[in-house]
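The structure under discussion appears below in the form of structure tokens.
The values are calculated or read from the model by the stated rules, or taken from the named source; none is laboratory data. Since we're looking at a predicted model, the values are computed, not measured. Cβ: placed from backbone, ideal geometry, glycine included. Neighbour counts: every protein chain shown.
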């Protein structure tokens, strides 16, 4: 297995065609895409290309947002966006609201990014831009995949990744929030193990591990590395139910609790 | 970055010197280790080499184990081992006890493995072997690292990995339960981001992402692949506090709760 960054992909601006930007960077590199390559794109460039910026100066917080903001010690306008982007609150802590995003995954502040969201167009001194997650990351993954396959003639899989914190463990890890063209989960139940018994616990989060691999590499440079190729993983190409398959239903989750 | 399995490493038996087995397999391959290679060893072979087998037929459950076993619908002898291996119970579900292992990490059934634990020595028909996690995975990682460095003259890092389930998300992912020679966490706070602001959320779980990368590759074959080399990651060699650094203290964990 190898993984490498595609050099020369810009961090994207609203309206950019991401697959066109990636194809251009690939053409200018000496590493053409191959069948079964998994192209991992950070959510940030997807959100940027989709124009998912919001200026906090334009947000009027609801009463509920003001109440939650007081509890969390956070900006009520920011909390308002978190509430709009999520379906339930999981936990509230100082400075962070752990929420279930509209798309199902549980993440701090509904994945809204307050860092690194400057954009090329000029904004006023009072504006404070934040960046929401993509509207529908699975749909974004399918669109990027279609563009890459049309442009290369190769059977490509696409993962849209983000970095999430987690219960119990320190540090963030890459996870898949959008998937197209590969199975998010790899179910090996029923396979027989080395001693002839049935394997236990053998549904692996294939797409999350691909995202973690890419995150490992993305963090290795000072410059932005928004697109990473993971090559050499075998999977049934085209078989994909989307990143929603990675969401554990709240009814089966020992740690789910709405407040 | 590249990752590859070291072919020819057996799944190990009690008393085996793991670093000697790995060195032998490397010498018989055409891929010598290099400085800064990260050697990822699955906990299973470490446990096996350390003889961490227990025969359930030899276990007498305590009253508490019988009580918890009734609640979980599990074998009381197995639950007894889970309780012995853990410091607190996090959640109880049908068939599984989520517990905080002695070494700090929260994992189903204290990481005790009921599959795949046959061993070469003959056992009676009534025996039912299970395999505990290594006694001290950080110490095991340090020992394997010392052996590999002595045998190769290279500066090697070692991660001992396991596959854990997680709250909120389906499927297992590789995590680091033992670390030697590389920083488990990579703290980039204070670095300035692309737009000149300080980065947020930038402590990445380096060793966990290395373990996830290795797990991706380990699952790619029908035969056992207990040792994976991850090559091409930059890190400050030798800087390591052990996998305990990856444990979020219960006091800082929104999802911790003892029963």
**Request:** Please verify whether segment A:208-227 includes one or more residues that are more than 11 Å from every other protein chain (Cβ to nearest Cβ), over 30 Å from residue B:250 (Cβ atoms) and at pLDDT 95 or above.
**Result:** yes
**Request:** With respect to residue A:180, determine if the residue is at pLDDT 75 or above, at the interface with another protein chain (Cβ under 7 Å from one of its Cβ atoms), more than 22 Å from residue B:162 (Cβ to Cβ) and buried (at least 16 other Cβ atoms within 10 Å of the Cβ).
**Result:** no
**Prompt:** Going through segment B:1-15 one residue at a time, which ones are surrounded by 17 or more Cβ atoms within 10 Å (Cβ to Cβ) and assigned to a loop (DSSP other than H, G, I, E, B)?
**Reply:** B:1, B:6, B:9, B:11, B:12
**strands (runs of 3 or more DSSP E) (entirely within segment B:42-120) containing at least 3 residues that are touching a residue at least 24 places away in the same chain (Cβ under 8 Å) and over 30 Å from residue B:254 (Cβ atoms)** = B:53-55
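Let's see how each residue does on (1) closer than 30 Å to residue A:151 by Cα; (2) more than 14 Å from chain B (Cβ to nearest Cβ):
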| position | (1), (2) |
| --- | --- |
| A:9 | yes, no |
| A:24 | yes, yes |
| A:28 | yes, yes |
| A:44 | yes, no |
| A:60 | no, yes |
| A:65 | no, yes |
| A:69 | no, yes |
| A:80 | no, yes |
| A:93 | no, no |
